[in-house]
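> This is the structure I have questions about; it appears just below.
The values are calculated or read from the model by the stated rules, or taken from the named source; none is laboratory data. If you're wondering where the values come from, they're calculated on a predicted model, not measured in any experiment. When we count neighbours, we look across all protein chains shown, and the Cβ atoms used for this are built from the backbone with ideal geometry, even at glycine.
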Amino acid sequence: MGCVRKVTEDLYWVGVNDKRLHLFENIHPIPRGVSYNSYLLMDEKTVLFDTVDWSGCREFLKNIEEVLNGADLDYLVVNHMEPDHASSMEEVLIRYPNCKVISNEKAFMFMHQFGFVVEGRKEIVKEGDTKCFGKHTVTFVAAPMVHWPEAMVTFDTTNGVLFSADAFGSFGSLDGKLFNDEVDFDRDWIDDARRYFTNIVGKYGPFVQLLLKKAATVPIQMFCPLHGPVWRTDLGYFIDKHDKWSRYEPEEKGVLIVYASMYGNTEAAAQQLASRLCEKGMTNVSVYDVSKTHVSYLVAEAFKYSHIVLASVTYNLNIYPLMYDFLHHLKILNFQKRTFGLIENGTWAIKSGSLMKKFINEELKECKVLGSQVSVNSSAGESNAPEFETLADALIESMK
Ligand code: FEO
């Protein structure tokens, strides 16, 4: 049966995988691809939960046709109107003219804006409304700003399945392995899940917290998100990650070092600090070149670690542009609650340290900059050795 997978006895995954797209939202690299998940419930009424990106529409329609096996489609529930999930609804509605669309007022407004014709087919629901499809009764729960304002999740009270929209999702193509227990998630998926969450939903932490509180009040057995694996075991592991990310609390004590270097001297300074840290026993250190690493990876790593060291050359009397871009991304994603250390470099006017400090103090919430700073004049020499020692000690001390 094509690419379809059975989720429960009467629920089917009818989504598609996309390994051809280079940039998710035309900004975030997805070397492992992405899945657009859609689910079809075969109850007395047939119900499709969300659709897929337009690029996968043909395969998606085939999946639906296979599962319906001649039956008509009665309902389409739209939990989220972003086009990677909703753009194929137009084609679904053309092919299944009796299909009614269930969603909230705001989502219908967005459908109108995108030009989807749903007049005469709308069933508007709001927070707490229920709908019975035969054996299954579902409740609709608002999830505003997770990740758009119209977002909602749908909870099947009959079997505990939560259609969780953008929540509990991940980058990465499924490649046949639909369930979290069919992969080694903590080894192979968590980095992409973190990068997905922090870059896509990271800004809306308080709204994710609201959703987590609502989710705690119902007996969820399974998460069926719009991207990535379906969760049917160990839900607490993933809930805990989302709880930390959305409270902007680090997952690990450790140091992320991001450096901006033109000729290798600032890079050498970053490596020197890494060596000092490891020598002192703090080996949970990751070092990245800001010029070679897409900012979405840096953002995800920043959410992971408790401490961040920025090492930047001074560029046109400013912070190196790509380092500034990283800081700007942290700001617009509402990043908070971290301790920073700084390494600055410059040949004739060293400015990057004071400018990065000002940015962190003025633009990032609940972040502090350690007093000890390394100031390099072109290349780190013997005179800098005590500064590296002091910064390494200060980082380790502030972890206690
Ligand atoms: Fe994958 Fe907010 O959509």
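> Can you report the number of residues in the range 70-100 which are within 12 Å of the ligand (Cβ to nearest atom) and not in a loop (DSSP other than H, G, I, E, B)?
Residues that pass the stated criteria total 4.
> Oh, and also: It is to be established whether one or more residues within the range 248-261 are more than 20 Å from Leu330 (Cβ to Cβ) and of a type in the set (Phe, Trp, Tyr).
no
> Right, next: Taking Cys57 and the conditions (1) within 16 Å of the ligand (Cβ to nearest atom); (2) crowded, with 20+ Cβ neighbours inside 10 Å, which numbered condition does it fall short on, given that it satisfies the others?
(2)
> Right, next: Whether any residue in the range 112-125 is within 16 Å of the ligand (Cβ to nearest atom), surrounded by 15 or more Cβ atoms within 10 Å (Cβ to Cβ) and either in a helix (DSSP H, G or I) or modelled with pLDDT of 95 or more (or both) is what I want to check. Explain how you work it out, then say what you get.
Here is the first cut: in the range 112-125, the ones within 16 Å of the ligand (Cβ to nearest atom) are 113-114.
Those still in the list that are surrounded by 15 or more Cβ atoms within 10 Å (Cβ to Cβ) too: none.
Among the residues of the range 112-125, not one is within 16 Å of the ligand (Cβ to nearest atom), surrounded by 15 or more Cβ atoms within 10 Å (Cβ to Cβ) and either in a helix (DSSP H, G or I) or modelled with pLDDT of 95 or more (or both), which makes the answer no.
> Given the structure, is Ile190 within 14 Å of the ligand (Cβ to nearest atom), among the β-branched types (Val, Ile, Thr) and assigned to a helix (DSSP H, G or I)?
no
> Follow-up. For the range 150-165, name all the residues that are within 16 Å of the ligand (Cβ to nearest atom) and either surrounded by fewer than 17 Cβ atoms within 10 Å (Cβ to Cβ) or of a type in the set (Val, Ile, Thr) (or both).
Val153, Thr154
> Still on this model: All but one of (1) surrounded by fewer than 18 Cβ atoms within 10 Å (Cβ to Cβ); (2) of a type in the set (A, V, I, L, M); (3) in contact with a strand residue (DSSP E or B) (Cβ under 8 Å, 6 or more places away or on another chain) hold for Val183; state the number of the condition that does not hold.
Only one criterion is unmet by Val183, namely (3).
> Looking at the structure I just gave you, is Thr217 of a type in the set (S, T, N, Q) and part of a strand (DSSP E or B)?
For Thr217, the condition - of a type in the set (S, T, N, Q) and part of a strand (DSSP E or B) - is not met.
> Can you confirm whether the range 385-395 contains a residue that is within 29 Å of the chain's Cα centre (by Cα) and closer than 18 Å to Val287 by Cα?
Among the residues of the range 385-395, at least one is within 29 Å of the chain's Cα centre (by Cα) and closer than 18 Å to Val287 by Cα, which makes the answer yes.
> Follow-up. Which number in (1) buried (at least 17 other Cβ atoms within 10 Å of the Cβ); (2) free of Cβ contacts under 8 Å to residues at least 60 places away in the same chain marks the one condition that Thr347 misses?
Going through the list (1) buried (at least 17 other Cβ atoms within 10 Å of the Cβ); (2) free of Cβ contacts under 8 Å to residues at least 60 places away in the same chain, Thr347 breaks only (1).
> Restricting to the range 128-145, and then to whatever is outside any strand (DSSP E or B), touching a Ser or Thr at 6+ places or on another chain (Cβ under 9 Å) and not aromatic (Phe, Trp, Tyr), can you tell me which residue is farthest from the ligand (Cβ to nearest atom)?
Among them, the one singled out is Lys135.
> Out of all the residues in the range 220-272, which are in a helix (DSSP H, G or I) and of a type in the set (Phe, Trp, Tyr)?
Tyr237, Phe238, Trp245 - these are the residues of the range 220-272 that are in a helix (DSSP H, G or I) and of a type in the set (Phe, Trp, Tyr).
> Now for a different question. If we scan the range 375-384, do we find a residue that is part of a helix (DSSP H, G or I), closer than 19 Å to Gln272 by Cα and in contact (Cβ under 8 Å) with a residue 24 or more places away in the chain? Full working, then the answer.
Step one: filter the range 375-384 for residues part of a helix (DSSP H, G or I), giving 382-384.
From what's left, closer than 19 Å to Gln272 by Cα: 382-384.
Next, only the ones that are in contact (Cβ under 8 Å) with a residue 24 or more places away in the chain stay: 384.
Checking the range 375-384: at least one residue is part of a helix (DSSP H, G or I), closer than 19 Å to Gln272 by Cα and in contact (Cβ under 8 Å) with a residue 24 or more places away in the chain.
> To continue, here is another question. Mind telling me which of the residues Ala300, Ala349 ends up being at pLDDT 95 or above and either hydrophobic (A, V, I, L, M, F, W, C) or more than 20 Å from Gln373 (Cβ to Cβ) (or both)? Reasoning before the result, please.
Working: Ala349 fails: at pLDDT 95 or above.
Being at pLDDT 95 or above and either hydrophobic (A, V, I, L, M, F, W, C) or more than 20 Å from Gln373 (Cβ to Cβ) (or both) holds for just one of Ala300, Ala349, which is Ala300.
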